[in-house]
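So the structure is just underneath, and the comments pick up after that.
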Amino acid sequence: EAPPQFNRPPPGLWFNYVEILNPGPLTRPSDLVMNLLPPAAGSFTAPFDSAYQRNFFTSYFASVSSKFLNDRLILNGGLYNTSINFRRSSDPNNINTVVFDDGDTLPQVGAIFRVTPGLGVFALSTESLQPNSSQRDFAGNPFPPRKGEGREAGLKIDLLGGKISGTVSYFEISQTNRVVFDDTAPNPFDPVDGRGANVARGENTSKGFDADFIFSPTRSLQILLSYANLDVFISKDPNRVLLGTNEIGSYEHGFGTLVHYQFLEGALKGFGVGVGANYQGDTIAEAPQAALGNIQRTFKGQWDGDVFLKYATMLFNRKVTLQVNGKNVFERERPVGWDPRSANAANIAVTPYYYKTNRKFYFSASFDL
């Protein structure tokens, strides 16, 4: 399904890593500075802001599925209820002052039609709410929740008795009520001209297609391949310069692969090994810069990887699994500021500093009760 959010999740498996705090010698402290906001953007804090806050985000989902035409047509419908509650207080032991409480029940519908054995077409529509409570207006009040609307349609295949399966789909997702900065909005706390504040009037759109395939030539071997093509852009903003520009943190291409082999017999029975690799293309680093002719600077695309070795056996009539994971196999590089030695004709640095992160290894054990 296409999640009702501004960006499509990258294909494959992705991981978080602890960044190295000491990136090495730099030319000057200012080289560490990265501006991820639109030009002249900022935020203001009201003097009566509370010191402590608490956010509650709960959701419930109910669905029903029906089959028709000898099970060739499957209709799905559901309701997704979301409740968002935001509280704050100056007393950390009594954070019970409700300043925002909202929710909605939104529809989720979809259909799958099996054209021939092993080939089907599908379409779905989803809506959801996400809280804006972590961002507030000039007076310290939270904004209404963001609303996401997603549409997706595509093909599902299942061939050779399940040895080849996959999905190819096109999706379009929009997100409204996004918090953006409006330099013309009234703000009595701005000491310059009384204007400039966050407003919930932004919208962005994500369009693209993705493909995921699983190959299972034997019971022991599974191979996952995935690809996503994305176009994530700002579709509504008080700053007209930003309209149509790519969203910060978005990228155009993503690849993923995972190979898993499980030994089912012989001396190595119980062992399993897996290798995964993922690629995320050039990533938008910031909003358009006027000095660059409104061109957005980017961080380079990189590969990421993961490996694991596991062993499952029986101990005291209970299943025991031991596993070793290796993360960050390719030692991804992290951007830290912009290298002044890469300045262009407008004297703007266009290449970030990069430093490698370390590979991480973990051991885990599980025991079924």
### Message
At 1.4 Å probe radius, can you tell me the per residue accessible area of the range 237-316 in Å²?
### Response
51 Å²
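Within the accessible area of the range 260-369, what % is carbon and sulfur when the probe is 1.4 Å and the other protein chains stay in place? The partial results should precede the final answer.
On the way: 3620 of 6280 Å².
With neighbouring chains kept in place, the figure for the range 260-369 is 58 percent.
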### Message
Going Cα to Cα from LYS360, which aspartates and glutamates come in below 17 Å? Please leave out same-chain ones fewer than 8 positions away.
### Response
GLU19, ASP304, ASP306, GLU331, GLU333
### Message
Give me P(r) over the range 87-220, computed from all C-alpha to C-alpha distances, binned every 5 Å, as integer percentages.
### Response
2, 8, 12, 12, 12, 11, 9, 8, 7, 6, 5, 4, 2, 1
#### Entry: Convex hull per residue volume in Å³, alpha carbons only, for the range 171-295
162 Å³
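Can you list, largest first and rounded to whole Å, the semi-axes you get for the range 73-151 by taking the square root of 5 times each eigenvalue of its Cα gyration tensor? Don't skip to the end; give the middle numbers.
On the way: eigenvalues 332, 28, 15 Å².
Taking √(5λ) for each eigenvalue gives 41, 12, 9 Å, largest first.
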### Task
Pop out the carbon and sulfur fraction of the accessible area of the range 167-231 as a percent, whole number, probe 1.4 Å.
57 percent
### Query
Roughly how many whole Å is it from the C-alpha centroid of the range 267-344 to that of the range 149-200?
24 Å
### Task
Determine the principal axes of the Cα atoms in the range 234-369, then give the extent along each, sorted from largest to smallest and rounded to whole angstroms.
69, 36, 24
### Query
Binned at 5 Å from 0, what are the whole-percent values of the Cα-Cα distance distribution for the range 308-369, short to long?
4, 15, 13, 11, 9, 9, 7, 7, 6, 5, 5, 4, 2, 1, 0
### Summary
From the cross-link list LYS300/LYS327; LYS156/LYS356; LYS147/LYS356, the entries with a Cα-Cα span beyond 32 Å are LYS156/LYS356; LYS147/LYS356
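The values are calculated or read from the model by the stated rules, or taken from the named source; none is laboratory data. Owing to the predicted nature of the structure, the values given are computational and were not obtained by experimental measurement. Heads up: the accessible areas ignore ligands, DNA and RNA and are worked out on the full protein's heavy atoms, side chains in. Shrake-Rupley method; radii C 1.70, N 1.55, O 1.52, S 1.80 Å.
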